[in-house]
Each structure stands twice: as C-alpha cells, then as structure tokens.
1. What's the local net charge at PRO394, with K and R +1, D and E -1, over the other residues with C-beta under 14 Å away?
2. Cut-off 17 Å, label point 7 angstrom out along Cα-to-Cβ of ASN246: give me the residues of segment 81-99 whose amide nitrogen falls inside.
3. Where the accessible area of segment 36-78 is counted over protein heavy atoms with a 1.4 Å probe, how much of it, in %, is carbon and sulfur?
4. Under a 1.4 Å probe, what is the accessible area of segment 54-132 per residue, stated in Å²?
5. Determine the sum of side-chain charges near TYR272: Lys and Arg each +1, Asp and Glu each -1, restricted to other residues whose C-beta is under 13 angstrom from that of TYR272.
6. Give, as a single signed number, the net charge of other residues whose beta carbon lies under 15 Å from the beta carbon of ALA316, with Lys and Arg counted +1 and Asp and Glu -1.
7. Give me the distance in nm between label points sitting 7 Å out from Cα along the Cα-to-Cβ direction at LEU218 and ILE184, one decimal.
8. What dipole magnitude, in Debye to the nearest 20, does segment 69-194 give about its Cα centre under +1 on Lys/Arg Cβ and -1 on Asp/Glu Cβ?
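The values are calculated or read from the model by the stated rules, or taken from the named source; none is laboratory data. As the structure is a computational prediction, the values presented were derived from the model and not from experiment. Virtual Cβ from ideal backbone geometry, glycine too; neighbours counted across all protein chains shown. Heads up: the accessible areas ignore ligands, DNA and RNA and are worked out on the full protein's heavy atoms, side chains in. Shrake-Rupley method; radii C 1.70, N 1.55, O 1.52, S 1.80 Å.
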Amino acid sequence: MTTSKPNTSIFATLLTWAGQRLGLNLRYFAVSGFWVTIRYILLGLISLATSVAFARLATQELYGQYQFVFSIISLLSLLSLPGLNTISLRGVSKGLLGTVVTTTKLSFRASWLVALATCLVGLFYLVQKNELATGWSLIGVSLFLPFLYGTNAWYTYYEGQTDFRSPTIRIPSMMAAGALWLVIGIWQHWSLPTLIIGYFGMSAVLTSFCYLEVLRRLRQAQTSQVSDTVSLQLGVAYTLQKFSSNIQETVQSLLVASLYDYAALGVISIGYILINSATGLVGALSSTYFPLLMRYKRLPHGKIIIQNLLIGIGLAAGYYTFVRLAFVPIYGGHLPDSFQLALSLAGALTFLPLRLYFASYLTAQHAPSTLTTANTVSYLLAAGIFLCLRAWAPTTAFTVYFYALQGSAVLILGFLYWQRTRHAAD
C-alpha cells in the first residue's frame, strides 16, 4: 500500500541537495516560506477586497481621506518604539522567551505618547484646519492605540521559534475582521470616524488577546521565562531603521495629499495597492530567513544575488500579467488612471528581492544606523524628485518617484553590502 512518506522523503532529499549546492537551508525556507506565502496571499486578498469596496462603493476622496488618516497614525506609531520587536525577535530566537514580556512593557508605556500625539494632531485638524472627519477620527482612535501598538510584539514569540504557522492563522483572521467592518461600513455609508475608530478598536482588542495568549503560554513554560537584555538605545536605533525601511508607507500618503488632494491620493492608492501587496509578500519571505542569516558565517554571495535578480524578473512579469488581466474585472473600467499606474510600476519589482536581501543581511550584521542612513537618503532623493515634478499629472509624478526610490535604495544598499562582504572576505 502506497503512503505519502516516500514522496515527502524524496522532496526533503531534493531540497537538501539543492540547498547544499546553493549554500542555503532550503528545507527551512520551504516550510517557513509556505506559511508566510499563505499569510500574505490572504492579507493581499483582504487588502484587495477593502480597496475594491472603496473603489466601487465610495468616492476616491473618501478613500484618500482614509489613507491620509491611516498614514498619520502610522507615522506617530514610531513613538511606541516598534524597533523593540526586533530585539524581542532576537531574544526569542536565542531561547530567551521572556524578552517578549520585557519589550511589551516598554512599548506599552511608550504607546501612550502615540495616543497623546494622535489626539493633539486630531485637535489641530478639528480646530485649525476645520476638517471635522479627520479630526474626530484621530481623536476617537487615540485611546485604542496603546493596546494596539503596545502589545503587538506577540508574533515574535512564534516567529523567533521559527513557528510561522501560528501567526499565519491569527494575523489574517484579525485583518479579515477589520476589513469586514470597513466593507459593511462603506456599504452602509458610515462616516469616516466610524469606519476608522471601529477598525482600530477591533484591531486593538484582537491584538491584546493574542498577547494574553502568549503570556499564558509563557506561564505554562516557567523555566523558559528568561529575558534578554533590552537596550532602549538599540530599540530606538531599530525603530529608526524600521521607519526608514517603511518610510514610503508612512510618509507617502501625506506627501501625495499635500502636493495634490484627497481624490488624487485615492487614485494613486488604488493603483498602488497591488504592488504594495507584492512588496509585502516578498519582504515577509525575506524576513523568514533572518534567523539563519544571523547563524551563517559565510554565504555564497554571488549565487544569492543572481537568485534574487531572477526572482525579481519573475515577480515583475507575474505582477504585470496579473494587472493586465485582472485589474479591470476586479475594479471596473472607471479607474483608467489607477490601472495605468499599476501597470507602470511593474518594472520596479525587478530589484525588490535584491534590495530586501541587502537590508536583511545588514540587519543581521548589526548595522541599524547604516541602514537607517541609506534608506533615509534614498527616500529624500526620491521625495525631492517628486516635489520637482509636482506640476505633472499625479500618477506620472508618482511613477518617476517610485522608480527613483527603488533604484537609489538598491544602489546604496548594494554598495554597503559589497563593502561588508569584501571586508569579511579579507
């Protein structure tokens, strides 16, 4: 009688053989990559459903306002020191599971600064700018933010132990609940404050429950509740690195809305959502290899660079084909500017895997300040180009800005990577 074990054994043997030839642990990557791929496919579908709901049931201006408020909150979330999650991940990967608790306590305290800052910015938009929807959205959501950003290190408990299955079950479930709230609200024509306050409130409750579950697991494993040393200075450094790596996600919407208007931001956001999902998937897959990058002493750098370039070419081709075939059936034919923008951004994906690998390698080499400087310089360069092109059509200027951002980032990070590997070889 035939069983599945021989096939599994053959597959594992092939992965081991290929990994030895490439110098990488492909068996590890196959398992972790499978769950992360599933996670980001689900997250991509959820984001897609939300953007379709905004595109078909609401105005472009409402979607732009939603993205604008979301970006303000994301920017202010830096005050919660999200870089502490990196410290937690490093601690858990070394078997010091209690680091999750230590970093969460620090982050929860810092998150009240996020709440205060968000409330003050909301008052500014309410009183000075007379934008009632934006102001009340920010003021209302501020009380939930400590419970959202202060407890979101829970996932490091699992990923630090190379368990990518558990976050794959929890994170999309949480996002789906929030997306369902938004879709129902858009369908029922709820106000912007109702949409945003409900979304963040639900996310805060679910995130807190996930952290409480981790606490329960830690109490059951009393001998493992050991904490790594947590340096606030290092937490700030990793926070700045994380901000610089995601700067386009936190500042980009603010920049577009300032140069144009909420309607233009809505058009660009719809055209950008698919490439953002692809970027998130590749970034997550890259992060799964982070624990192993910390362990390897020598890597086949040339092979890895070629691998990432080939992956990038395939990614760009797959993305372009998907957009060409699926955008209009999904969103409808009334968004030609968003459709053309989505197509025009495809080529930028070619060098994305390589850029993410450079960043992961430098992170594993304990170079957060170097990464922060490189990412900041590349973004300032791209933002400067965007400002110079503000007289152009919004989608055209955004396309040039995006290519400038990706191109300058891969060149700068590649140079820093070459310096590090050259010195290591010497």
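1. -2
2. 81-90
3. Whole-percent figure for carbon plus sulfur exposure: 65.
4. Accessible area per residue, segment 54-132: 42 Å².
5. Overall, the nearby charge balance is -2.
6. +2
7. For the pair LEU218/ILE184, the computed spacing is 3.3 nm.
8. Value, rounded to 20: 280 debye.
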